[in-house]
Amino acid sequence: MLDDVPHLSRDDDVGSPEPSSPPRPGSPDGIDVHLARPHELDAAGQAVAEAYLADLRVNEWYAARLRDAASRAARATLLVAVDVRDGAVLGSLTYARGGTPYAQLADSDECEIRMLGVRPEARGRGVGERLVRAAMAQGTTDGAVRMVLSTQTEMQAAHRLYERLGFTRRPDLDWVPEQDTSVQLIGYDRPLT
């Protein structure tokens with residue numbers, strides 16, 4: 001599956017690139033997007049938590065969920081963007097097919113992205129876009145007809161990214177989580193076919 005997605009790799013090695021190694025083929029910007037490896041899970045969770053906590057008011061229940069990348073990786077597809085020079089995890093995204101545990105909005109023929117986060121110090125490098133494009137490619141490979149997502153109303157930079165990539169607002173997908181009724185989530189979608 002992921003072997004066919006541009007910029008995504010499924011490496012069997014569990015080591016990070018050497019700190020001074022040049023960018024790998026397909027990563028001219030020095031960023032490699034791939035399935036999270038076991039040794040990257042803690043850093044992936046921390047990256048997403050840092051991203052959300054830098055911009056939003058997040059309750060402790062959700063902050064703990066953001067940090068728990070291992071649970072997401074066990075029940076969904078966890079993608080990471082890694083700096084090929086030093087192996088640092090710059091950001092992460094959770095991809096889920098409709099009908100699976102991490103899909104909140106997606107129907108059975110759709111896919112969904114959740115918990116996209118880029119470390120504040122890595123912003124401006126195209127990390128978020130690379131992660132979303134990789135998830136879109138995975139959705140296409142999986143035969144999904146549409147990708148859906150939720151985002152908080154305050155996440156203006158994320159809204160601009162999604163709209164630039166062809167996502168449109170879907171007010172019928174807006175919702176409020178039971179765990180924090182002060183949060184308003186707004187929906188977006190994009191056809192993949």
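Any chance you could run the full-extension gain for residue 184 through residue 141? It's 0.36 nm times the residue separation minus the Cα-Cα distance, nm to one decimal.
Values: separation 43, 0.36 × 43 = 15.48 nm, distance 3.14 nm.
Using 0.36 nm per residue and subtracting the Cα-Cα distance, I get 12.3 nm.
With viscosity set to 1.306 mPa s at 10 °C, what whole-number translational diffusion coefficient in µm²/s follows for region 112-153 from Stokes-Einstein and a Kirkwood radius over Cα pairs?
Value of D from the Cα-based Kirkwood radius: 139 µm²/s.
Read-outs: derived from the displayed coordinates by stated rules, not from any lab. What you see is a predicted model; the values in this text were computed from it and never measured.
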